[in-house]
């Protein structure tokens, strides 16, 4: 099989989908996104802290600093347009001793040099009033009011949907193994045949170094830096109203405690360099490490209400900065896009789309389709809105996930979106069915049934997360 | 939006809700409704196709569907209004119940009394904090039971079971009979909380080894489960290095505890007990919110459905009394857990009423007695050759014994 | 003489009982705490019986039907009983109590539906 496209994007993470959207809105070229997993946002984009960083962490003058600050500014508008949960709750980087104080003073300086607005240092007494559950041993903290939280995978789903509405195509279960230059552009080699394209963008996350080194003489090296997390059920009262960081270390931003946009509490991550970039398992040591470190910020922490744990892989470039831009003729890239990659992605996508269009001479798009936000979740509606929702679609009257209060209409909508869910996990992340305290114990059988019905497949063909991850092995 | 006045709203149409509804109607409550979120009444009994239910209540061993069918038939005979496919979204302290269904949309019931009968749910993997990958093939025993018994679908072929509670044991046999290979049943504690009958007939009959004082410490598999690591634990339940055993399997079933489903109760302002995870109730099963009662597994996790029914009949009658203004008056005495006793229900009682105290022993006690005391004197005692956490203890206490008591009542285990 | 060790199922005590047999006849039972244990042990080593419950797919119904043996059957017949149930082709409607498999593998015991589909 041979496929042709104008622009091939390798990797359907937040960068690939943001870029696909920008390109599909701005130019008339065909856009194809090739993804090795079964869905978008299956790599680092789904398993990270979900923080829109203010931009004080990166050294002035780096790509990380520049794109972070730009990206953070774009977030409110992008999320509002796409209907993605985003809240600017602010962040505190807490100092627990005088050495930490000098660290946050440096961060303040750095942040101001990067152009981050509103930064200030808060002293102990005020700090404890702001966050009463904080360890009283805290000396002071750097406050970053523009720091925000976002549902990272929901952002990617919305970006992908909007791209698809504007003609971008997605090819799943398709791993690009090699890039070969041709007279007209590039030939991307996959197990199912070649994809010919005029230009290619390598945003393959942890897999991006291999492709980079095929097309460029300046070799790069990526380290798989795993981060493990615990997630707590939504408490009646959140322990902290802001994202609480500890002082950064040379391995990363340290362990945080943060509310999520859905009211859960996120704890983590660890930072461990591991040999296998696909090993997203959690370990007893890693989780113990998270619990121990979190207690420095939050001495009252208890894992009694934990709903799950997970880990994600940061694609860390050994020199520490993003590698973005043109890698070879007709070939662009975003390599080593670790934190603040999520924050930086809208800025990178806008910038790179412009470059690609100018460089390749693609014509403008004639008709732009606006996004179709998924709308307010049933769970967040007022009773009046809920009544109206059921009147409009009786399927909203059928609750499937009792923990997160998700209706059958919402599950079917998640499957019917332009880039719809095809797996149990895909449904879960799109509409939260199975995200709650019973972790799908009650609703998984029903979700499998609905997926089978919508996709026209037998229930035994439904997977948890693609590949061979079948939920069922056969009939009795 | 529709607002409806109802004398009594019962949340949940499982064995607890059905029994409560039957008793309330028989006690004269005409205007009542049972709200059930599933497509049929009967609750978890629908998927419990094995026999062993009803020995106390009927003197025979029924299967789950048969036990439920008897209550459903009785409810139908009494003309009870059971609304299936109806999910309650919220209950507030003023006894307003908001629910939703396809057919009736969003409705608000303003209830004279409410009986909470939502049952319980299983502890999932996340609550255990077991590390590893998040592959397919890890299910709670109940979810697997639903797949097999209600959908006729097999969740796996090579199975390890974590937890030796009765559901786990029953599923070991069930999966085996349907052609799966069950490699092991792994129990963290040094004893099983399951019935001996189930250990013999579900494990030993099929040569399935039971590993006591062991746990699953790692879950491996990129897509579908490929293996689990099992380790022995020490007296403090910490894995002992060097005891790792790897079982290659495609399925891990979790039977690691049940938790009363009290999210609705909590939002209604009902006080919960950290010991039972259910409501704090008095001897009429009334919660801290006046007119709101609780019974069955939402109140405390029972071992036998017969006791659920019994307790729920009492809740139904108590709600009827409350609606008629005949609830017991006067102050209550507090009931406290003493040594070896965990989560006595009720936690408060009126001294002029007969009551049955129920609880689970905190450990295994042989040749022991349960002693009920107040004001320094013994009021009741029950001896047995053995008490185990798997078996609930029910201790009736006559009102006459309580006459004149003013202090707290303590229930404790005494080993001679 | 043959010795067999079994666990009593009558109560949570779970007495470990030793049964001595000679030519298939029970000679003695020891380790039991009460009479019920003795009775159970004698039955269990000479003629163990079990209830069998299962579900069987039904044509014309999305849900399978749950079934049980009307009475316990010899333990050794369980695999044959399951195999016979596996080979059944049932048609809806079925009422609770209906016989779905008469005289399960020659035990003289019928398998009946425990719910209606």
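Read the figures in this text as sums done on the coordinates, not as results from a lab. All of these numbers come straight from a predicted model, not from anything done at the bench. Here the Cβ is made from the backbone with ideal geometry for all residues, glycine too, and neighbour counts use every protein chain on show.
Of all DSSP bridge pairs formed entirely within chain A, close to 70 percent run antiparallel. Of all the options B:87, B:406, B:103, the one that moves most in a Gaussian network model of chain B with Cα springs shorter than 10 angstrom is B:103. The stretch A:220-239 and the stretch A:37-116 have Cα centres spaced 15 Å apart. Peptide B:59-67 has a mean shielding of 4, counted as Cβ atoms of other protein chains within 10 Å of each residue's Cβ.
Rounded, prolate or oblate for chain B? Axes are the square roots of the Cα gyration tensor eigenvalues, ordered a ≥ b ≥ c, and the cut-off for rounded is a/c under 1.5. It is oblate, given that a/c is not under 1.5 and a/b is not larger than b/c. Averaged over residues, the count of other Cβ atoms within 10 Å places the peptides B:244-250, A:285-291 in the sequence A:285-291, B:244-250, highest first. Rounded to the nearest 10 degrees, what's the angle between the helix B:15-26 long axis and the longest principal axis of chain B, both from Cα atoms, 0 to 90? With rounding to tens, the tilt is 20 degrees. Dividing the mean sequence gap of close Cα pairs (under 8 Å, 6+ apart) by how many residues the stretch B:124-256 holds gives a relative contact order of 33 percent.
Per residue of peptide C:60-66, the mean number of Cβ atoms on other chains within 10 Å of the residue Cβ is 5.
Taking the number of Cβ atoms within 10 Å of each Cβ as an exposure proxy, the fewest-first ranking of A:63, A:143 is A:63, A:143.
Each label point was placed 7 Å from the Cα along the Cα-to-Cβ direction; for residue B:4 and residue B:26 their separation is 2.5 nm.
Each stretch of four or more DSSP H residues adds -39500 (n - 2.57); spread over every residue of chain A, this sum gives -10000 deg cm²/dmol at 222 nm.
If R0 equals 22 Å, the separation of the Cβ atoms of residue A:382 and residue B:104 corresponds to a calculated FRET efficiency of about 0.75. Shielding of peptide C:47-54 by partners, expressed as the average count of other chain Cβ atoms within 10 Å per residue Cβ, is 5. Sorting B:221-233, C:2-14 by average packing, meaning the other beta carbons within 10 Å per residue, from highest down gives B:221-233, C:2-14. In terms of its C-alpha gyration tensor, the stretch B:151-261 comes out oblate, because a/c is 1.5 or above while a/b does not outweigh b/c. Of A:130, C:17, the sequence from fewest to most neighbouring Cβ atoms within 10 angstrom is A:130, C:17.
Between residue A:302 and residue B:58, the FRET efficiency estimated from the beta carbon spacing at R0 = 41 angstrom works out to 0.40.
Compared with the dominant principal axis of the Cα atoms in chain B, helix B:305-323 is inclined by about 20°.
Ordering A:431, C:34, A:403 by the number of other Cβ atoms within 10 Å of each residue's own Cβ, fewest first, gives C:34, A:403, A:431. Only alpha carbons enter this Debye calculation for the protein assembly as shown, each as an equal point scatterer, and the log10 of I(q)/I(0) it gives at q = 0.10 Å⁻¹ is -1.28. Classify the stretch B:287-396 from the C-alpha gyration tensor, please: rounded if a/c falls under 1.5, else prolate or oblate depending on whether a/b exceeds b/c. Oblate shape, in that a/c is at least 1.5 and b/c is the bigger or equal ratio.
Please report how far the C-alpha centroid of the stretch B:80-123 lies from that of the stretch B:25-77, rounded to the nearest whole angstrom. The stretch B:80-123 and the stretch B:25-77 have Cα centres spaced 18 Å from each other.
Helix B:166-177 and the longest principal axis of the C-alpha atoms of chain B enclose an angle of approximately 50°. Full extension of the chain between residue B:353 and residue B:94 yields a length gain of 90.5 nm, computed as 0.36 nm times the residue separation minus the alpha carbon distance.
Spatially, the stretch A:344-360 and the stretch B:321-393 are offset by 71 Å when compared through their Cα centroids.
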